[in-house]
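These notes are about the structure you will find just below.
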Amino acid sequence: MSAMDFTVPSIVLETPSWALIFKPHGMPSAPLSEGESGTILSWFLARRKEADVVMGKKAIERGLLHRLDTGTAGLVLIAKTQGAYDALSEAQAKCRIRKGYLAFCVRDEDAPDSLPRHQALPFAVTSRFRAFGPGRRMVSPLFPGMRGYDEAGRDYETLIEDIEVTEVGIARIRVSLALGYRHQVRAHLAFLGYPIAGDPLYSKYPAPRDDEGVELPLQLYAPSISFPDPVDGTEVSFSLQLPDRMSR
């Protein structure tokens, strides 16, 4: 990932049926209204007009299979044909599309040590979620026995794969998931006592700055994905180079 300019979108891999798009920090995944520009979907459809006819779960989202938070940089999978969308949507429902994330996190010294140093890796954090806060913008993990758990619907799992301390107070954490909930990775890591650097909702710490003093965005990346090809079912697995330091 460090070898590419991840301040701009790009098509990194595609077939006649689907495309993997790199979405930079700060760019929304999907429009809120028909014809909205400035999203990764509108950027893609301007270059692959044939994909504009795909009807997804929401008509406005065309062949978009999943979203990334606006602040997250990484891979987005888009179907270019209706058949591909239908097959990939079914695979997603069966947890056959798996996404890998990398986050640079700050250790919250005031939080309980929910992520013990001796914890064997990998291990999973599984919860349901409830929305809260002004405008219900944030989500909070719900675990068995907590109020609202039974009404919250299904469980969502974040697999913690690797934790590496890169500098004082900063941990480089790799996770993966199949089905995702809004802010899932951000909320789970904050619950563990490791909020993501630059997270305006789940971290109480100031955003990090680069060597030039420029404030850095949310330090969450989605550099890898695997899924069955919608045409022949072969497993597609793709990964960008993992960033080794916080960046724009």
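With respect to the conditions (1) open to solvent by less than 50 Å² (accessible area, probe 1.4 Å); (2) modelled with pLDDT of 95 or more; (3) within 24 Å of SER247 (Cα to Cα), PHE6 falls short on a single one, namely (2). When the range 196-237 is limited to residues that are of a type in the set (Ser, Thr, Tyr) and more than 21 Å from ALA111 (Cα to Cα), the one that is surrounded by the fewest Cβ atoms within 10 Å (Cβ to Cβ) turns out to be THR234. A count restricted to the range 136-154 and to residues that are assigned to a loop (DSSP other than H, G, I, E, B) and closer than 22 Å to TYR194 by Cβ stands at 3. Within the range 204-237, the residues that satisfy the criterion of being assigned to a strand (DSSP E or B) and hydroxyl-bearing (Ser, Thr, Tyr) are TYR221, SER224, SER226, SER237.
Annotation: ASP52 fulfils all but one of (1) touching a residue at least 12 places away in the same chain (Cβ under 8 Å); (2) farther than 22 Å from ALA222 by Cα; (3) in contact with a Leu (Cβ under 6 Å, 6 or more places away or on another chain); the unmet one is (1). Contact map, the range 207-227: residues that are in contact (Cβ under 8 Å) with a residue 24 or more places away in the chain paired with residues that are open to solvent by 10 Å² or more (accessible area, probe 1.4 Å) and of a type in the set (Ser, Thr, Tyr), Cβ distance under 6 Å, separation 6+ or inter-chain. Pairs shown: ALA222/TYR101; PRO223/SER239; SER224/SER239; SER226/SER237.
Quick check, is GLY193 in a loop (DSSP other than H, G, I, E, B), in contact with a Pro (Cβ under 7 Å, 6 or more places away or on another chain) and over 19 Å from ILE78 (Cβ atoms)? When the stated conditions are applied, GLY193 passes them.
Under the condition of being under 23 Å from ARG248 (Cα atoms), without any contact (Cβ under 8 Å) to a residue 24 or more places away in the chain and not small (Gly, Ala, Ser), the residues counted in the range 1-42 number 3. Among the residues of the range 219-246, those that are under 23 Å from ILE78 (Cα atoms) and of a type in the set (A, V, I, L, M, F, W, C) comprise LEU220, ALA222, ILE225, PHE227, VAL231, VAL236, PHE238, LEU240, LEU242.
In this structure, LYS49 does satisfy being out of contact with any Lys or Arg (no Cβ under 9 Å at 6 or more places or on another chain), at pLDDT 95 or above and over 30 Å from LEU242 (Cα atoms). With a requirement of 1 or more residues that are open to solvent by 50 Å² or more (accessible area, probe 1.4 Å), over 19 Å from PRO16 (Cβ atoms) and not acidic (Asp, Glu), the strands (runs of 3 or more DSSP E) lying completely within the range 37-135 that satisfy it span 98-106, 123-132.
Each row is one residue, and each column tells you yes or no for (1) hydroxyl-bearing (Ser, Thr, Tyr); (2) in contact (Cβ under 8 Å) with a residue 60 or more places away in the chain; (3) surrounded by 12 or more Cβ atoms within 10 Å (Cβ to Cβ).
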{"residue": "ARG147", "(1), (2), (3)": "no, no, no"}
{"residue": "GLY169", "(1), (2), (3)": "no, yes, yes"}
{"residue": "SER176", "(1), (2), (3)": "yes, yes, yes"}
{"residue": "HIS183", "(1), (2), (3)": "no, yes, yes"}
{"residue": "ALA187", "(1), (2), (3)": "no, no, yes"}
{"residue": "TYR194", "(1), (2), (3)": "yes, yes, yes"}
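The values are calculated or read from the model by the stated rules, or taken from the named source; none is laboratory data. Nothing here was measured: the structure is a model prediction, and the numbers come from that model. Backbone-built Cβ (ideal geometry, glycine too); neighbour counts: all protein chains shown. All accessible areas refer to the heavy atoms of the entire protein, side chains included, with ligands and DNA or RNA removed. Shrake-Rupley method; radii C 1.70, N 1.55, O 1.52, S 1.80 Å.
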